[in-house]
Amino acid sequence: MASETNRIDGEGLRAWLLAETPRSRAQSRLGQAYVRWLHFLRNPLAMVGLVIVLALVVVAALAPWLADQSPYAQDLARRLQAPSPAHWFGTDELGRDIYSRLVHGASITLMIVGLVVIIVGPVGLMVGTVAGYLGGWFDTVLMRVTDVFLAFPRLILALAFVAALGPGIENAIIAIAITAWPPYARIARAETLTIRNSDFISAIRLQGAGPLRIILGHVIPLCMSSLIIRITLDMAGIILTAAGLGFLGLGAQPPMPEWGAMISSGRKFLLDQWWVATIPGIAIFVVSLGFNLLGDGLRDVLDPKGK
């Protein structure tokens, strides 16, 4: 009886979400979100990407409980041991458990991605929307600055900033953020150019709304879908850039269990003790693939031009 009642309630909720004539704004928004979720579920590769990303978040959150050994504890007597029941992924050149370092390194990777996105998302969105809406010399100056940053490969420019700021994970995050915002500004500007002459923007302007109110209240929300898609697709690039800086010794510093630094320290043993560098490389590959698959799925769901 209880299961049948739950089924009926579930069907009633589904019918409420899929109603053709919503009775409130909240019902309309929830219905749109539900339709997008159903569309997302029909994409198996996107679901694989979502599972990988959620697994990364879970591993980062539960790292102290998932790894029973310290990622920093050294034991030279067990250095470079092959994968075994005692050490699932083997040990490195200092006898540290690679599995524990890999698990704790997930939180570092997630922190780098999260902080970079928090910085570059608002910056790129604001620069692009201001340039696109105001036009004139605002557009010229902001877009020429953007072009200067886009003229250099991201990793090379990040290396230059880290060399100026000094090695360290904080400086690496700042350097990646400085080099990552221009594509978001370009996307936001392109979206704004298609929006600013719309009839509803003209109506809002006639009601006395100023440029700042229009940009913050109407233009930016309409640019969010494209920005979310771009950010999700760009997370793999952020991870690879951070790993590249760590590999070169300019990112996270020893003994932090950052995946790029782990590959760098294990490359000397790649032929005989392959697991030291290969397993962190596989982790970077899987996580980057997960973000790319998730980004492709979100693009199919959120991109209005694809509908």
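If you go through the range 103-129 and keep only what is more than 16 Å from Thr241 (Cα to Cα), of a type in the set (A, V, I, L, M, F, W, C) and either out of contact with any helix residue (DSSP H, G or I) (no Cβ under 6 Å at 6 or more places or on another chain) or outside any helix (DSSP H, G or I) (or both), you end up with Ile118, Val123, Met126.
Out of Ala261, Ala252, Ala242, I need the residue that is surrounded by 24 or more Cβ atoms within 10 Å (Cβ to Cβ) and free of Cβ contacts under 8 Å to residues at least 40 places away in the same chain. Which one? The unique qualifying residue is Ala261.
Can you tell me which residue among Thr91, Thr129, Thr109 is assigned by TED's automatic domain parsing to the domain that holds Thr146, touching a Cys at 6+ places or on another chain (Cβ under 7 Å), hydroxyl-bearing (Ser, Thr, Tyr) and surrounded by 22 or more Cβ atoms within 10 Å (Cβ to Cβ)?
The unique qualifying residue is Thr129.
Here the range 253-307 is the region considered, the condition is being of a type in the set (Asp, Glu) and part of a helix (DSSP H, G or I), and the residue that is farthest from the chain's Cα centre (by Cα) is Asp300.
Applying the selection to the range 80-102, what residues are outside any loop (DSSP other than H, G, I, E, B), more than 20 Å from the chain's Cα centre (by Cα) and aliphatic (A, V, I, L, M)?
Ile98
Residues checked against (1) more than 17 Å from Thr129 (Cα to Cα); (2) surrounded by fewer than 14 Cβ atoms within 10 Å (Cβ to Cβ); (3) aliphatic (A, V, I, L, M):
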position	(1), (2), (3)
Ala164	yes, yes, yes
Ile169	yes, no, yes
Ala175	yes, no, yes
Trp181	no, no, no
Arg196	no, no, no
Ile220	no, no, yes
Gly237	yes, no, no
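Taken together, Val219, Val148 contain a single residue that is modelled with pLDDT of 85 or more and farther than 30 Å from Ala242 by Cα, which is Val219. Looking only at the range 146-194, which residues are touching a residue at least 60 places away in the same chain (Cβ under 8 Å) and not in a helix (DSSP H, G or I)? Residues satisfying the conditions are Pro167, Gly168, Trp181.
The values are calculated or read from the model by the stated rules, or taken from the named source; none is laboratory data. Fair warning: this is a prediction, and the values are worked out from it, not measured in the lab. Neighbour counts are summed over all protein chains in view; Cβ atoms, including those assigned to glycine, are modelled from backbone coordinates with ideal geometry.
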